[in-house]
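Asks: Below you'll find the structure I mean.
The values are calculated or read from the model by the stated rules, or taken from the named source; none is laboratory data. No experiment lies behind these values; they were computed from the predicted model shown. When we count neighbours, we look across all protein chains shown, and the Cβ atoms used for this are built from the backbone with ideal geometry, even at glycine. In case anyone asks, the SASA skips ligands and DNA or RNA and just uses the protein heavy atoms, side chains included. Shrake-Rupley method; radii C 1.70, N 1.55, O 1.52, S 1.80 Å.
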Amino acid sequence: MNKSISQDNQNVKQISKSIKRFFTRFHISSALKASNAYKKKGTPVIEIFQYLFLLVFSNRSMYMNLITGRNTPTFAKDTVYRFTKMIQINWIRFTTILASRIINDAIAPLDSEDRVNVLIIDDSMFERNRSKKVELLAKVYDHAKHAYRFGFRMLTLGWSDGSTFLPINSVLLSTENQKNRINEATAVDKRTVGYKRRQLSMTKGTLAMLDLLKAAKIAKIPAKHVLFDSWFSSPSSLHAVKNIGYDVIGMVKKTPKMFFRYNGKDMSLPSIYNLNKKRRGRSRYLLSVMVDVIKDGESIPAKVVYVRNRNKRKEYLCLISTDTTLDEDEIIRVYGKRWDIEVFFKVCKSYLRLSKECNSLSYDAMTAHTAIVFTRYMMLSLESREANDNRSLGELFLYFTDEMSDITWIQAFKLMLQMFKTLLADNLDLSDEKIGELVDAFMNAIPSLLKSQLQAA
């Protein structure tokens, strides 16, 4: 029994050491300071951030910790609330700096020079259905559930080398349409990051995307291509991303309202498809053509690849690449990496308690919560990569949770029983045989279910 409990304590120390090593290795404290997250006096912000970071692995919220008196911090809960609501903290810069350090220091040395690194843009629903007093709360259409929900669109920029995915930064988008906003933004100083953050949340997703990409470019995150789906693939977006310094590989809508220049004429993608002879047999693509993307008189050459829809064999999908040096098979292969961000959204919502852990009405607090969840995912993703762990990130999260948890009540009961036997031996003049008889009598008197659990443990 003592060996079992000591082993559990050893595992807890090992996982705590792993988390501490992550914070030290990538200098979380300096990343916070570079993002204006610091205090002139009182509890250091790194202690508050680390406490919030560990909450999900202890299977308890801060409220339950305070109620039960277990894992309580040395600082008051108001200190945590003030930290998450600090309007001067630039959380986009924090997650971008941290991701850049992990990529350049830990992951890039493991990759070959031929590996294609990509940035991925997508959004997911950040629901806040239970409260209508949330700052900048909007009525947003959820494309996954085909219904309107109260919440935000979490526009996220991620990085992938095909093996490891890391979130770079994000913004919780409200809506530019004032009629769909349930609440307006709180009045803050226009010179602060908090004001700029609120203004960014009320812009279109295609424009907010450019701010996230510029932050990644400044941080020198290694990537040549940006992947996104048809919601962002307009001629204006292709030109804007190209001007930042990235090539685009994206899916394009088959709409008659969007035109590309083909053989000197402005034509829609379905019209171009109908004009050309398609490849026969089991080819990975049906057609490939060169077009020009025109915007305000400027032209960008691009390659359009028509791919058969696996779900509906009679239909096709359109991929466009502004990197015309790639062949058709390579365009299809690289675009397949976009699925990594869908796995990221699933893990964050199912295991890392994205949106569920934050009940604050403050937009700043929700942004801080998102950055903390991103940091958790970065650590799990890095652990999975460096340990060559074949388990999924969900399984790895459960491993961390199990190891960080306290001893079970069965183990605690056995510990008390051992202490009881020691107390009898030290304070009463009884032989070992007599003490054994008393313990056996006690064990025979307890319920059979509890007895079986103790014997199994």
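Asks: Do you know which residues across segment 224-247 are crowded, with 22+ Cβ neighbours inside 10 Å and within 17 Å of Asp161 (Cα to Cα)?
Replies: Of everything in segment 224-247, those that are crowded, with 22+ Cβ neighbours inside 10 Å and within 17 Å of Asp161 (Cα to Cα) turn out to be His225, Val226, Leu227, Phe228.
Asks: Considering (1) open to solvent by 30 Å² or more (accessible area, probe 1.4 Å); (2) touching a Phe, Trp or Tyr at 6+ places or on another chain (Cβ under 6 Å), say which one Leu172 fails and leave the rest.
Replies: (1) is the only condition that Leu172 fails.
Asks: Here's a follow-up. Going residue by residue through segment 109-132, is there one that turns out to be surrounded by 14 or more Cβ atoms within 10 Å (Cβ to Cβ), β-branched (Val, Ile, Thr), in contact (Cβ under 8 Å) with a residue 24 or more places away in the chain and over 22 Å from Leu354 (Cα atoms)?
Replies: Checked against the condition, which is being surrounded by 14 or more Cβ atoms within 10 Å (Cβ to Cβ), β-branched (Val, Ile, Thr), in contact (Cβ under 8 Å) with a residue 24 or more places away in the chain and over 22 Å from Leu354 (Cα atoms), segment 109-132 yields at least one hit.
Asks: Scan segment 48-74 for residues that are over 23 Å from Lys356 (Cβ atoms) and either surrounded by 16 or more Cβ atoms within 10 Å (Cβ to Cβ) or free of Cβ contacts under 8 Å to residues at least 12 places away in the same chain (or both) and jot them down.
Replies: Selection gives Gly69 alone.
Asks: Please find, within segment 29-47, the residue that is modelled with the highest pLDDT out of those that are open to solvent by 70 Å² or more (accessible area, probe 1.4 Å) and outside any loop (DSSP other than H, G, I, E, B).
Replies: Residue satisfying both the conditions and the ranking: Lys33.
Asks: Now a separate question. Go through (1) at pLDDT below 90; (2) under 30 Å from Ala223 (Cα atoms) and name the single condition Val118 misses.
Replies: Val118 satisfies all of (1) at pLDDT below 90; (2) under 30 Å from Ala223 (Cα atoms) except (1).
Asks: Within segment 222-236, can you find the residues that are over 16 Å from Tyr335 (Cα atoms) and under 24 Å from the mean Cα position of the chain (by Cα)?
Replies: Once the filter is applied, which keeps residues that are over 16 Å from Tyr335 (Cα atoms) and under 24 Å from the mean Cα position of the chain (by Cα), segment 222-236 yields only Pro222.
Asks: Hey, another quick one. In segment 248-280, which residues are open to solvent by less than 20 Å² (accessible area, probe 1.4 Å) and either within 21 Å of Ile332 (Cβ to Cβ) or more than 39 Å from the chain's Cα centre (by Cα) (or both)?
Replies: Val248, Ile249, Gly250, Val252, Phe260, Leu269, Ile272, listed by residue number.
Asks: Which residue pairs have Cβ atoms closer than 6 Å, lie 6 or more positions apart in sequence or on different chains, and pair a first residue in segment 355-384 that is modelled with pLDDT of 95 or more with a second residue that is open to solvent by 10 Å² or more (accessible area, probe 1.4 Å) and part of a helix (DSSP H, G or I)?
Replies: Pairs found: Ala365/Thr84; Ala368/Thr84; Ile372/Leu52.
Asks: List every residue pair whose Cβ atoms sit under 6 Å apart, with the two residues 6 or more apart in sequence or on different chains, where the first one lies in segment 190-202 and is without any contact (Cβ under 8 Å) to a residue 12 or more places away in the chain and the second, anywhere, is open to solvent by 40 Å² or more (accessible area, probe 1.4 Å).
Replies: none
Asks: Looking at Leu212, Leu207, which one is of a type outside the set (Lys, Arg) and within 24 Å of Gly336 (Cα to Cα)?
Replies: Just one listed residue meets the conditions, Leu212.
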